[in-house]
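Presented below is the structure to which this report refers.
The values are calculated or read from the model by the stated rules, or taken from the named source; none is laboratory data. It should be emphasised that the depicted structure is a prediction, and the values quoted were computed from it without experimental measurement. Don't worry about glycine lacking a Cβ; one is built from the backbone with ideal geometry, like all the others, and counts go over all protein chains shown.
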Amino acid sequence: MSTVLLTDKLPYCPGCTHHHVTRQTAKALEKLGVSPLDVVLVTDIGCHGIADAVFATHTVHGLHGRSTAIAAGIAMALPAGKKVVVFIGDGGATIGLQHILEAARMNVPLTVVVHNNFLYGMTGGQPSGLTPPEFKTMVAPEGTHLPHHNLCELVHEAGAAFAARVVGLGDFSSTLADAFAQDGFALVEVLEMCTSYTPKFNPDFKLRQVAEAAGYAVGSWTNPPRPPFRLQFRGGKPSLLSQLKLVARQENVGLMRRLAIVLAGSAGEGVQYAAESLARAAVSGGLHATKKGSYPVTVGVGFSAAEILLSPHPIRYHGITEPDFLVITSEDGLHWAKPKLATMRSGRVFVDASLPQLESPVPVERRDFRTPFGAKNAALLALATVAQEEAFLPEALVATFDPRAKVATPKS
Ligand code: SF4
């Protein structure tokens, strides 16, 4: 009895090659001595996807074609030593081709096992992008006469650590084990037969012959080693982020709650750049940040506004109903922000000193943002002022965008 499979009874149609791929996958993982609980199997839509119920590993069932993208997210976040395996059909691989190529290009440490039976089995036997030109299906009874993608060649060109194609007959567990052993992106394309649809339209079907006639070369292809793509903060050495967090602790700065800032100014005065600079500095300082821009379709005229959310915790919703800070640096910004200002019941409002007196339900603090370094730096100066007064970032990070730190002599 397999340690990786929960049962010997598999759920596929009699004679379907999926039986063999499932058993060979289990055998390959056993060969490597991997504990099932160190494996995450991500399945796509298709008959192969019902494998979820028979594997003793963790399993995740994805959307059609998207399983590689889901698996890539999992693989990037997991520490080395865990195995992420994708089960996908030729239909799913066609739909999600870009996901597969990007995972190969990034060298995400996972293995995609492509069940290529030349058709969409679960939905009635339609041809996919991997169907040989002469292969007959219900919707193309004379064949498609179109060349199929060469998936192994594509992922190899994209930078996959390992790509292999096997005919789904005999023992190919060593090839699967070679793929699973990679610390990088691997793909194994298994050529298969769907016993429910293939013989109906291709009565003389012989898997090896069809594969050969279609130019489906078997073999394996490798690229020179390069580092796998993982989230960098999981490294063993202290990261830049942890060093910045240390600086923040030493300077006794930080943020204990979610802080919502709305910045309103004029197009061409660096509002979006200022908001992005603050958000980037916050992320560098270990905070979570979102930034959203609003401006007219004609980007270069009228108002420009930005909403920035900062939090010590992950931000699940980036809407701002009432800001903690409303910062207005120009006439255009004031015009845009007036309705928001009218509904504020708390929070602080900073308005440039050049603007007219305002009626407001909360106190308005008048500051000179536009004069010291010019209108183009008003938004940067305004956000640097907020950061300094709220003391949620180390000085060194505020200095990365504060014009006072960059311009030695202010304008007179
Ligand atoms: S429909 Fe085809 S691919 Fe699906 S389980 Fe049956 S034989 Fe296999």
Residue in the range 135-147 that is touching a residue at least 40 places away in the same chain (Cβ under 8 Å), surrounded by fewer than 22 Cβ atoms within 10 Å (Cβ to Cβ) and more than 16 Å from the ligand (Cβ to nearest atom) present: yes
Which numbered condition residue 4 fails, given (1) away from the ligand (no atom under 16 Å from the Cβ); (2) under 27 Å from the mean Cα position of the chain (by Cα); (3) among the β-branched types (Val, Ile, Thr): (2)
Residue within the range 161-170 that is within 14 Å of the ligand (Cβ to nearest atom) and either over 27 Å from the mean Cα position of the chain (by Cα) or among the aliphatic types (A, V, I, L, M) (or both) present: yes
Cβ pairs under 7 Å, 6+ apart, first in the range 194-205 and free of Cβ contacts under 8 Å to residues at least 60 places away in the same chain, second outside any helix (DSSP H, G or I) and near the ligand (Cβ under 10 Å from one of its atoms): 205/193
Residue 102 vs. criteria acidic (Asp, Glu), in a loop (DSSP other than H, G, I, E, B) and either within 16 Å of the ligand (Cβ to nearest atom) or in contact with a helix residue (DSSP H, G or I) (Cβ under 9 Å, 6 or more places away or on another chain) (or both): no
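Conditions (1) under 20 Å from residue 19 (Cα atoms); (2) part of a helix (DSSP H, G or I); (3) at pLDDT 95 or above, marked per residue:
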{"position": "153", "(1), (2), (3)": "no, yes, yes"}
{"position": "170", "(1), (2), (3)": "yes, no, yes"}
{"position": "188", "(1), (2), (3)": "yes, no, yes"}
{"position": "205", "(1), (2), (3)": "yes, no, yes"}
{"position": "208", "(1), (2), (3)": "yes, yes, yes"}
{"position": "217", "(1), (2), (3)": "no, no, yes"}
{"position": "220", "(1), (2), (3)": "no, no, yes"}
Matching option when the condition is at pLDDT below 95, under 19 Å from residue 94 (Cβ atoms) and either within 16 Å of the ligand (Cβ to nearest atom) or touching a helix residue (DSSP H, G or I) at 6+ places or on another chain (Cβ under 6 Å) (or both), among 123, 198: 123
Residue within the range 318-330 that is surrounded by fewer than 20 Cβ atoms within 10 Å (Cβ to Cβ), among the acidic types (Asp, Glu) and farther than 17 Å from residue 263 by Cβ present: no
Enumerated strands (runs of 3 or more DSSP E) restricted to the range 287-368, each holding at least 1 residues that are among the hydrophobic types (A, V, I, L, M, F, W, C) and without any contact (Cβ under 8 Å) to a residue 60 or more places away in the chain: 288-294, 303-311, 348-352, 364-367
Subset tally (residues that are touching a Pro at 6+ places or on another chain (Cβ under 6 Å), away from the ligand (no atom under 16 Å from the Cβ) and over 22 Å from residue 106 (Cα atoms)) for the range 31-79: 2
Unique match (being at positive phi and surrounded by fewer than 16 Cβ atoms within 10 Å (Cβ to Cβ)) among 268, 254: 268
